[in-house]
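Participant: I have a structure I would like to understand better, so I am pasting it below and will then ask my questions one at a time.
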Amino acid sequence: MTTAVGGVAPPRVPFSSRRTPTGFGMLLVAPVVLLLLAIVAYPIGYSLYLSVMATNPITGSQHLVGIANFRAALTSGDFWHAAGLTLYYVICVTVIGTGVALGMALLLRERFVGRPVLMAVIVLPWSLSTYAAGVVWRYVYSPQYGLLAGIAQHLGLHPFDFLSKQAVIPSLAIVHAWQFAPLGTYFLLASLQVIPDDLYKLAKVDGMGMAKRFRNITLPQIRMPLAIFLVLIGGQAATAFDLIYFLTSGGPGDASQTLTYDAYQQTFQDQDFGGGSATSWLLLVLVTVVTVGYYAVAMSSSRRTRKASS
Amino acid sequence: MSTRRRVVLHLLALLALVWTIAPLAWILLISLTYHHEFASSTIHLLPHQPTLANYVRLFGRSAADWNGTIQPPNAYGPLIRSGLVNSAEVAVAVTVLSMVFAVPAAYALARVDMRFRQAGLLTIVATRALPPVATTIPFFVLYQTLGLSGTRLGLVIAHLTMTVPLLVWMGTSFFGGLPPGLERMARVDGCSRWRAFTRVVVPASRHAMTAMAVIAFLTSWDEFTFALIFNTGTSAQTFPPALSSMFFQVSVPTEVASATVLGLLPPLVIATLFQRYIRKVNLVGL
């Protein structure tokens, strides 16, 4: 830098600094990267290592078994039973959760008495997390003292066993949707509120029905937040554990033994670290494949729509 | 708006309110019921004889039962109370540390014209995709060797794996939406990059940072899996595993209900107080 002539103090040059932008940025990001390396990269590596080892739970001795743990998982009926249940659970949670989130968002877009109250209270289930939702709904579903059984009793109906073998997965999914949908409502509402009302009025004048207005005006606006919410809720459902632990502990029998619960049992109850790790990894692969596949479909369909509209 | 449409709209709103509130109201009502009334053959939708006895007994005092006999303090009281204290300590530590790590990083990833920006952000966010069960096993083994299992510090570290990537994601999408010239004024006035960040950007982001802190606190307070596996039965046990042992060992649902309500109050109160900020959390702008 050259000094200004004439004894006047040089003006500060606004965009120079001793550090380059990359250096400054790195300085701020480095702590997080180091932290994540230590507390995320290590567990991933170690879990992969465990999945190819056989670990003796008593002596702690280990030896390499290659893909034997994976082969054992993939050839066992339990694994495929759990995988099927996981898929069923994910579909139920996604459908119910998205339905509730979208319904609430469309409702909150309208004007009605008590709207601010509803807006405020829908955050409550979300603040509880899934384990607490599991406890709370145990009291709703219980055939002996549950809220639903109580209502059935007052109406003179036969109480329905929500946690029976046939009903357990949809019943669990309802609880999960109850807890997670508010996040989706907030996401979707933010995007819905920027759609000008005139657009709907014009469409009405043009003679568009409700379904057509939804498809042509509403849906394109919320495609992006909806896609993100679907990925979030799907991932949540695929790895659900605490809710199942409190509500059914995998039961009745093995009717709610999803992959995550299976991995937990193998690891911490049967002390089979290799098998538990292998199951977790297979789950992770499944989730990744489904998410990437979903993204590919969503992206190509949104590209097609854009092309069609231009 | 036609009358019919208005009626339908209000009915739907009522339905939405009941769906949201009823499960919470029900566990609250059960916690205010005597076991005697609760165990009767008909289910009372409202307690005929409401009482705070379940709560009083959790706080280490005796209380009168429905017929006046004195009931001793609840044996699980100390467990639940120390669980609440541990949960609060862990959650506060997690909140402070998450903010210290995540806010500067999110700022840099959003607004500093640096290389590796996209790659850094993607890597950090991608770690969110890990299922918790996959990481509990390595943590469990590591903590056994390091002596961190059964400690609050161990749990704080485990919770940071969940909160830091989430807050970086939230923060990046927020800082990215601030007006582009915000720091320039400060830099013209002779501030360094760091001072421009602390003096101008941080004050302008109060609301978003409040939301981030609230979400870090809630994530830690609500966390169950790590807490169950590392700290069950130790003096560092947080509320969720304490409730879990009471839940699976005691068959007095009215008492379990009162303990549950105590543990749910902090997140419910915090979420209600700060819901204006939480509502604006936007993960879409990434």
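The values are calculated or read from the model by the stated rules, or taken from the named source; none is laboratory data. Note that the coordinates shown come from a computational prediction; the quantities given were computed from them, not determined experimentally. Cβ sites come from the backbone with ideal geometry, for glycine too, and all protein chains shown count toward neighbours.
Participant: For region A:260-280, which positions are facing chain B (nearest Cβ under 7 Å) and either closer than 16 Å to A:Ile67 by Cα or surrounded by 20 or more Cβ atoms within 10 Å (Cβ to Cβ) (or both)?
Facilitator: First, the residues of region A:260-280 that are facing chain B (nearest Cβ under 7 Å): A:260, A:263-264, A:267-268, A:273, A:276-277, A:280.
A:Thr260, A:Ala263, A:Tyr264, A:Thr267, A:Phe273, A:Gly276, A:Ser277, A:Ser280 - these are the residues of region A:260-280 that are facing chain B (nearest Cβ under 7 Å) and either closer than 16 Å to A:Ile67 by Cα or surrounded by 20 or more Cβ atoms within 10 Å (Cβ to Cβ) (or both).
Residue-by-condition table, conditions (1) more than 7 Å from chain A (Cβ to nearest Cβ); (2) more than 30 Å from B:Gln49 (Cα to Cα):
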site: B:Pro179; (1), (2): yes, yes
site: B:Trp194; (1), (2): yes, yes
site: B:Met209; (1), (2): yes, yes
site: B:Met246; (1), (2): yes, no
site: B:Val256; (1), (2): yes, no
site: B:Pro267; (1), (2): no, no
site: B:Gln275; (1), (2): no, yes
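Participant: Any idea how many residues of region A:124-141 are within 7 Å of another protein chain (Cβ to nearest Cβ) and over 17 Å from B:Phe274 (Cα atoms)?
Facilitator: Of region A:124-141, the ones within 7 Å of another protein chain (Cβ to nearest Cβ) are A:124-125, A:127-129, A:131-132, A:135-137, A:139-140.
In the following step, the residues that additionally are over 17 Å from B:Phe274 (Cα atoms) were identified as A:131-132, A:135-137, A:139-140.
The total comes to 7.
Participant: Let me ask another. Is it true that A:Tyr200 is in contact with a Pro (Cβ under 6 Å, 6 or more places away or on another chain), assigned by TED's automatic domain parsing to the domain that holds A:Ala101 and assigned to a helix (DSSP H, G or I)? Can you show your working first?
Facilitator: Numbers: in contact with a Pro (Cβ under 6 Å, 6 or more places away or on another chain): no; assigned by TED's automatic domain parsing to the domain that holds A:Ala101: yes; assigned to a helix (DSSP H, G or I): yes.
It is false that A:Tyr200 is in contact with a Pro (Cβ under 6 Å, 6 or more places away or on another chain), assigned by TED's automatic domain parsing to the domain that holds A:Ala101 and assigned to a helix (DSSP H, G or I).
Participant: Of these, B:Ala196, B:Ala227, which one is under 30 Å from B:Leu84 (Cβ atoms) and hydrophobic (A, V, I, L, M, F, W, C)? Step through it out loud before you land on a result.
Facilitator: Working: B:Ala196 fails: under 30 Å from B:Leu84 (Cβ atoms).
B:Ala227 is the lone residue from the list that is under 30 Å from B:Leu84 (Cβ atoms) and hydrophobic (A, V, I, L, M, F, W, C).
Participant: Select from region B:25-39 the residues that are free of Cβ contacts under 8 Å to residues at least 12 places away in the same chain and either at the interface with chain A (Cβ under 8 Å from one of its Cβ atoms) or more than 23 Å from A:Arg138 (Cβ to Cβ) (or both) and list them in ascending order. If you could, list the steps in order and put the result at the bottom.
Facilitator: Here is the first cut: in region B:25-39, the ones free of Cβ contacts under 8 Å to residues at least 12 places away in the same chain are B:25-26, B:39.
Selection gives B:Trp26 alone.
Participant: Further, regarding this structure: Please state which of the following conditions A:Phe187 fails to meet, knowing it meets all the rest: (1) within 19 Å of A:Leu102 (Cα to Cα); (2) away from every other protein chain (no Cβ under 11 Å); (3) surrounded by 22 or more Cβ atoms within 10 Å (Cβ to Cβ).
Facilitator: Among (1) within 19 Å of A:Leu102 (Cα to Cα); (2) away from every other protein chain (no Cβ under 11 Å); (3) surrounded by 22 or more Cβ atoms within 10 Å (Cβ to Cβ), the lone unmet condition for A:Phe187 is (2).
Participant: Assigned by TED's automatic domain parsing to the domain that holds A:Trp178, farther than 25 Å from A:Leu284 by Cβ and either assigned to a helix (DSSP H, G or I) or at pLDDT below 90 (or both): does that describe A:Leu85? Working first, answer last.
Facilitator: Details: assigned by TED's automatic domain parsing to the domain that holds A:Trp178: yes; farther than 25 Å from A:Leu284 by Cβ: no; either assigned to a helix (DSSP H, G or I) or at pLDDT below 90 (or both): yes.
The answer is no for A:Leu85.
Participant: Considering only region B:151-166, I want to know if a residue exists there that is assigned to a loop (DSSP other than H, G, I, E, B), touching a helix residue (DSSP H, G or I) at 6+ places or on another chain (Cβ under 9 Å) and surrounded by 19 or more Cβ atoms within 10 Å (Cβ to Cβ). Break it down stepwise before answering.
Facilitator: Here is the first cut: in region B:151-166, the ones assigned to a loop (DSSP other than H, G, I, E, B) are B:151.
In the following step, the residues that additionally are touching a helix residue (DSSP H, G or I) at 6+ places or on another chain (Cβ under 9 Å) were identified as B:151.
Keeping just the survivors that are surrounded by 19 or more Cβ atoms within 10 Å (Cβ to Cβ) gives none.
No, there is no match, as no residue in region B:151-166 is assigned to a loop (DSSP other than H, G, I, E, B), touching a helix residue (DSSP H, G or I) at 6+ places or on another chain (Cβ under 9 Å) and surrounded by 19 or more Cβ atoms within 10 Å (Cβ to Cβ).
Participant: Can you name every one of the helices (runs of 4 or more DSSP H) wholly within region B:1-98 that holds 1 or more residues which are exposed (fewer than 12 other Cβ atoms within 10 Å of the Cβ)?
Facilitator: Details: elements: B:3-31, B:35-38, B:53-58.
Helices (runs of 4 or more DSSP H) meeting the threshold: B:3-31.
Participant: Counting only residues that are facing chain B (nearest Cβ under 8 Å) and part of a helix (DSSP H, G or I), which one in region A:104-117 is farthest from A:Thr218 (Cα to Cα)?
Facilitator: Going residue by residue through region A:104-117, those that are facing chain B (nearest Cβ under 8 Å) are A:104, A:107, A:110, A:112-115, A:117.
Cutting the leftovers down to part of a helix (DSSP H, G or I) gives us A:104, A:107, A:115, A:117.
Values: A:Met104: 14, A:Leu107: 13, A:Arg115: 21, A:Val117: 25 Å.
The extreme case among them is A:Val117.
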